[in-house]
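Engineer: Please see the structure below; I have some questions.
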Amino acid sequence: MKKRKKLVIILVIVVVVALLGAKTLLSPKNNIRTVDTAEASSKTLVQSITLTGNIKTKDAEEILLPTTQKVTKVLVEEGQEVEKNQPLIKLDTYDLESQLQKAQISLEMAERELANLTKENSSSRKSLENAVAQAELNLKNAQSKYEDAKTRHEQSKKLYEAGFISKSEYDNSLSALMDMESNVQSAEIALDNAKRALEDYDERIYQQQKQLELTRLDLSNLKKKIADSNI
């Protein structure tokens, strides 16, 4: 009985093994995974992406052009890479150069005029100073004579009132006083004119110096504008 039971177990094991083997043999070949192989090599991997939109530069600078100057030439092309301080456009400088020539002529004339004034300064100014000094002396003398005439007239008035001199003598003293007073006024006017002439002479030199400075400043500004016409 035991021998029969053992035989049955062995038979069952054989059948199971046979079934597993048959299943493996009968399974489809397309279940086998196929792997592609290739020879290893070094290559550059490039990835790209396509987008639609507007491109904006990282750094941008706005250029303001003078309204009085026209653009005569564009020195670069659109999209061209430029370097720092590289000229981009050229502006018309015809009017500026014309103004520069006129300013140079004005400068030469102003320098010549100032040179003439300076050259004559030692003699001309000395003459004007002497005229002022003489006018001051004339005024002093006129005032002194006026004081003398005033004193004599006061004495004549007393004598006339006391009956010691005639009416004509009194009138003569009054006339002399009035003449001396007129001389003082004339001397004052002469002194004022002499001082004004000296001041005008100094002012003329001062104004000429200022005119020269302004002309030089105009020249400098025009030269700078011409130099800045290449933007």
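Just so you know, all these numbers are worked out from the coordinates, no wet-lab data involved. Note that the coordinates shown come from a computational prediction; the quantities given were computed from them, not determined experimentally. Here the Cβ positions follow ideal geometry from the backbone for every residue, glycine too, while neighbour counts run over all protein chains shown.
Engineer: Across region 153-165, in residue order, what do the Karplus-derived ³J(HN,Hα) couplings come to in whole Hz, using 6.51 cos²θ - 1.76 cosθ + 1.60 with θ = phi - 60° and x for Gly and Pro?
Structural biologist: 5, 5, 5, 5, 4, 5, 5, 5, 5, 7, x, 8, 10
Engineer: Show log10 I(q)/I(0) for region 94-227 at q = 0.15 Å⁻¹, two decimals, from a solvent-free Debye sum over equal Cα scatterers.
Structural biologist: Per q value, in the given order, log10 I(q)/I(0) is -0.82.
Engineer: Provide the gained length on full extension for the span residue 147 to residue 181, in nm with one decimal, where the gain is 0.36 nm per separating residue minus the Cα-Cα distance.
Structural biologist: Result: 11.3 nm gained on full extension.
Engineer: A follow-up question, please. How much FRET efficiency would the formula 1/(1 + (r/R0)^6) give for residue 130 and residue 109, where r is the Cβ-Cβ distance and R0 is 25 Å, rounded to 0.05?
Structural biologist: After rounding to 0.05, the efficiency reads 0.25.
Engineer: Next question. Between residue 171 and residue 86, what is the spin-label point distance in nm, taking each point 7 Å from the Cα along the Cα→C-beta axis?
Structural biologist: 10.5
Engineer: Could I have the simple spin-label model distance between residue 210 and residue 52, label points 7 Å from Cα toward Cβ, reported in nm to one decimal?
Structural biologist: 7.0
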